[in-house]
Structures are given as structure tokens and as C-alpha cells.
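J.: Structure below; questions to follow.
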Amino acid sequence: MAENPWIWDTARAKYYRFDHANQLYIFEDGDVLPLSTPSPTLTREEPPAPVVSAFAPLAAAAAYPTPSDSGSSTQTYFTHSTGASIAVGPCPQPTDDLANGRYKVLRTLERGGQTREKGVQQAQDSHDGNIYALKTYVCHNVYQYNDRAANFDREVSIMSRLSQSPHVVKMIRSHKSPETLEYAFVMQPVANQGSLLYYLRSQFRSPQMVLFSDSFTHMALLNLAKGLHDIHRHSVRHKDIKPGNILLHDDDILYTDFGLSLDFNGYSTDETDGPDPEHDCTRAYAAAETFAHKPRNRRSDIFCLGCIFLEIVSARCVAITGETEWEDDTIFGDDFVRYHEMVANGRIHRKLESMLNDDRLHSIHRYLPLISKMMRADRDKRPDAIQLLNDIVHNNPYVS
């Protein structure tokens with residue numbers, strides 16, 4: 001049997017190996033930590049314990065081989081709590097949980113987008129019995145699988161940093177499956193009210209219903225502002241904010257899908273320029289600077305969220321009046337064109353004016369000037385996430 005280079009990390013409950021050439025700890029799931037220079041007296045089985053706070057996944061990890069020996073053998077691992085080297089055996093080898101059928105799919109929650117074929121599924125974990133949302137990227141060949149590695153690692157890093165936000169879905173774990181050419185995220189909660197897209201469509205199609213109550217509308221705007229503030233302060237641009245990427249669960253509203261997001265942690269600017277690939281955002285919600293190939297930054301996210309705010313208050317208008325024409329000039333209307341075009345031709349301004357002039361809609365009037373600012377064509381004249389949140393808190397009657 002060939003020497004097994006993998007070492008069990010009890011603190012993280014996963015295997016890792018050394019890459020001395022690049023001075024890295026390489027974990028079985030692709031996570032990477034910088035390798036501190038060990039003392040010459042330490043054996044290979046007794047590395048200094050990697051520091052959790054230094055965790056930083058790297059795209060290069062995907063190129064490293066996984067353990068080829070699938071059998072069991074006596075291993076030596078390092079216990080970080082005691083610093084002792086303990087011989088144990090047999091130890092389980094790293095396994096491919098996706099290929100081995102760890103998750104039992106209960107139903108499909110979402111198809112389409114980048115999650116080819118399998119999409120997002122509700123699944124039960126055979127290890128702990130819990131129900132999760134399983135988001136799977138399916139690649140068609142090994143070249144596509146290797147090419148996607150950097151994007152997957154970036155999304156893992158982003159979701160790890162955002163894990164403490166109550167307004168972002170939680171990543172429980174992630175998987176790489178070279179056997180099935182899949183990458184997957186295991187997330188909670190499984191949103192019991194679906195996406196905001198479904199909720200909006202239901203209100204517009206059923207004007208006699210009141211899905212968008214006064215309190216729900218106010219709290220939705222507030223929590224969306226809080227969530228975007230959390231995302232931006234963690235050095236992330238979402239880049240694909242749309243109703244389909246916002247989930248409703250109990251009394252929470254949650255951002256999801258960071259597959260296109262920009263991680264500018266460690267960089268001096270959040271700005272990008274040049275042409276955006278066609279798939280690099282949802283074009284209906286994209287700001288004017290995206291189409292003009294002008295510099296884009298976090299305020300481009302603000303424009304996208306402004307479009308959603310407009311849709312939410314439009315749904316509230318339908319709930320108040322029972323009149324379906326309030327869906328006009330939104331993506332749900334028959335004559336919709338991209339939002340940035342409707343800003344340029346004045347349709348959005350006229351829609352906001354008609355809302356402001358209708359006394360029946362007084363409960364949303366306080367938000368209309370803010371939506372107008374968020375959807376300005378000039379990027380630099382839009383509020384940032386902090387200004388947006390302060391304005392929402394100031395105008396929200398449900399915030400004490």
C-alpha cells in the first residue's frame with residue numbers, strides 16, 4: 001500500500017495534506033490554509049495547527065489530487081486541543097458524498113440558471129437526518145469541471161463570510177465530486193414560502209388577495225436593506241439581485257445565489273469596468289452603466305434593489321386597490337422593457353408620480369423618493385447601502 005499523505009484534522013473533522021512547494025495546507029474539500037514554517041523537530045504528522053481565522057479558499061486547490069487509496073489504514077493525527085500525537089486506526093478515508101448518495105432528494109425547488117440539470121433540491125442528509133436545500137452545479141466534462149473550480153471556491157468563501165448575517169441563507173457545507181463532475185452547496189433554511197418572485201407573481205395574478213400587507217411591505221424593504229448592507233460591508237458585490245434570488249422563510253427575507261458575485265476583500269476598490277459577459281447578471285435588472293461598459297461598483301447593486309423595491313410597492317398598490325394595472329412598468333407587465341431603459345424614457349418617473357398622487361397609497365408614499373434615488377441613471381447619485389438603511393429605518397413605522 002502506498003504511503004497515505006492525508007492527515008486527519010479533528011478540529012475541522014476532515015483530512016488535509018501538505019503542499020511544501022507552495023507552503024499550503026490542502027484540505028480534502030478544497031479549502032486551503034497558509035503553511036507556517038514547522039519546527040525541524042516536528043514530524044510530518046504533527047504540523048502546527050492551522051488557524052481558523054486565516055481560512056481562505058483558493059482556486060488552485062481544485063487542481064490537487066484527492067486521496068487515491070480508498071481503503072482503511074492506521075493513521076496518525078494531531079489533536080489541536082492537547083497538542084498530542086495519537087495513533088489510531090482504522091480511520092475513514094475522504095469520501096465523495098455526492099457520488100455515494102449521501103443526500104436523498106425529496107423534491108425540486110428550482111431549475112435553471114447556472115445550476116444545470118439538478119438545480120436546487122430539497123434533500124435529506126442520511127448522516128444527520130436533517131432537511132437541507134441542495135444546490136448542485138453539474139458540469140458536462142472534466143474540462144468544464146476544472147474551469148468552474150475558481151468560481152465555486154469564490155462562492156464558498158463569500159458564503160462563509162456572510163454566514164453570520166440573518167438576511168443571507170446559511171451554507172452548512174459544500175462538496176466537490178470529481179466522480180460525478182458536480183459541485184454542491186448544502187444550505188438552510190429550505191424556504192417555506194418560496195422566492196420573492198413567486199410571491200410577487202401571486203399578488204399580481206390574484207388582486208383580491210392581500211399577500212403584501214402594510215407590515216409585510218415595510219419589513220421586506222427594511223430586511224432587504226439590512227441584508228444588502230451586510231453583503232457590502234463584507235466586501236462583496238452581489239451582482240445578480242433579483243426576486244428569484246430572494247427567499248421568504250417564516251418572517252425572514254433572505255438573499256441567496258452568490259454564483260456571480262464579486263469578492264473584493266483585500267482589494268482597494270470594488271469597481272470593475274469593461275464589457276460584462278451576457279451571463280454575468282440578469283439584464284432586466286442591470287443598471288445603465290453595465291450596458292454602457294462603464295465602471296460598476298456597489299451602487300450598481302443599489303439600482304437592482306431599487307427595481308425590486310419598485311416591484312414590492314407596486315404589489316402593495318394591487319393589494320390596496322385591487323387594480324392589476326399597477327403591475328405595469330414592472331417585469332410582470334405586458335409591455336416591460338429593461339428597467340434602465342424605463343428610467344431613461346421617463347416611465348419609472350411617471351409611475352412613481354402616479355403612486356404619489358393617489359391618496360389610497362399614502363402608506364407607501366414615504367418610500368417613493370428613496371426608490372427614485374436608488375434607480376437614478378447616474379451611479380454616483382444613488383445612495384450607498386448605509387444611506388439606504390438609514391433612510392429605511394427613519395421612514396419605517398415598524399421600527400422603534
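The values are calculated or read from the model by the stated rules, or taken from the named source; none is laboratory data. Because the structure is predicted, anything quoted here is derived from the model rather than measured. Glycine also receives a Cβ, built like all others from the backbone with ideal geometry; neighbour counts cover every protein chain displayed.
J.: So which helices (runs of 4 or more DSSP H) are wholly in segment 299-400 and hold at least 1 residues that are surrounded by 15 or more Cβ atoms within 10 Å (Cβ to Cβ) and under 24 Å from the mean Cα position of the chain (by Cα)?
T.: Output list reads 339-344, 368-374, 385-395.
J.: Restricting attention to segment 107-129, report how many residues are modelled with pLDDT of 90 or more and either out of contact with any strand residue (DSSP E or B) (no Cβ under 7 Å at 6 or more places or on another chain) or not assigned by TED's automatic domain parsing to the domain that holds residue 182 (or both).
T.: 3
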